[in-house]
1. Could you list, in sequence order, all residues of the range 37-58 that are buried (at least 17 other Cβ atoms within 10 Å of the Cβ) and closer than 17 Å to V123 by Cβ?
2. Could you list, in sequence order, all residues of the range 60-69 that are under 24 Å from Q89 (Cβ atoms) and of a type outside the set (S, T, Y)?
3. Only residues that are assigned to a loop (DSSP other than H, G, I, E, B) and free of Cβ contacts under 8 Å to residues at least 40 places away in the same chain: list them for the range 47-83, please.
4. For the range 84-94: of the residues being charged (D, E, K, R) and in a helix (DSSP H, G or I), which is nearest to L54 (Cα to Cα)?
Amino acid sequence: MDRRVALKNMGLALGYTIATPTLLSLVQGCNDVNTIDWKPDFFTKEEGNIIYKLVDIILPKTDTPSATEVNVHVFIDRFTNEVMEDGQQAMVKVSFEQFIETALQDSGKKKADDLTSEDLEPVLAAALQVSEEDDIKNAELTIKNTSAIAKGENEALADEVVSYSFAKNLRDMTIWGYKTSEYVGEEVLAYLPVPGEYIGCGDLNELTGGKDWSL
């Protein structure tokens, strides 16, 4: 499917609740970051380099910018650091470490800094290739484990469930961060900063060319 079509039709059902001013401040702050000098707030520098590669695997450059070109990696780091609760942050850490370990084992490499996009892509794809039934089961187990971590407990989860948790969370946040970036909001989605006439039952294709509204 064409990425423009996928983006304009995709909702934001990610399971997060965040006030609009907080989200806007995160997004606007990301616009001012120089990617070359980027130092993650939540992730380590090594982990940040992997996030940088992964978001571009999920949304590479096509007729629209890649995820890193609109600073999605910065958005993910700041959202994790400033918005997620302690239990969610702990789950991100655990699942990310497991994902990296799987990538190292599969590639035969010893250091995370040596992992390339070619090493990471099959691990990401494999983690996301689950049946609808397993998708629901994995999500339920992840929520249960996150709650346990928040209480200082930890329930053992299969490696594939942990990797799935990281991969799905990253994919969802990458799309979310991309859709809320300034460029995508103004150039890819339907953008009308000053609202016009309200049309309650208009055809979406006629009103916006089939695009979701940016605002």
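The values are calculated or read from the model by the stated rules, or taken from the named source; none is laboratory data. If you're wondering where the values come from, they're calculated on a predicted model, not measured in any experiment. Here the Cβ is made from the backbone with ideal geometry for all residues, glycine too, and neighbour counts use every protein chain on show.
1. Within the range 37-58, E47, N49, I50, I51, Y52, K53, L54, V55, D56, I57, I58 meet the criteria.
2. A67
3. P60, K61, S66
4. K93
Every residue, every condition in (1) at pLDDT 85 or above; (2) of a type in the set (D, E), yes or no:
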position: M91; (1), (2): no, no
position: F99; (1), (2): yes, no
position: D106; (1), (2): yes, yes
position: K111; (1), (2): yes, no
position: E118; (1), (2): yes, yes
position: A125; (1), (2): yes, no
position: V130; (1), (2): no, no
position: L141; (1), (2): no, no
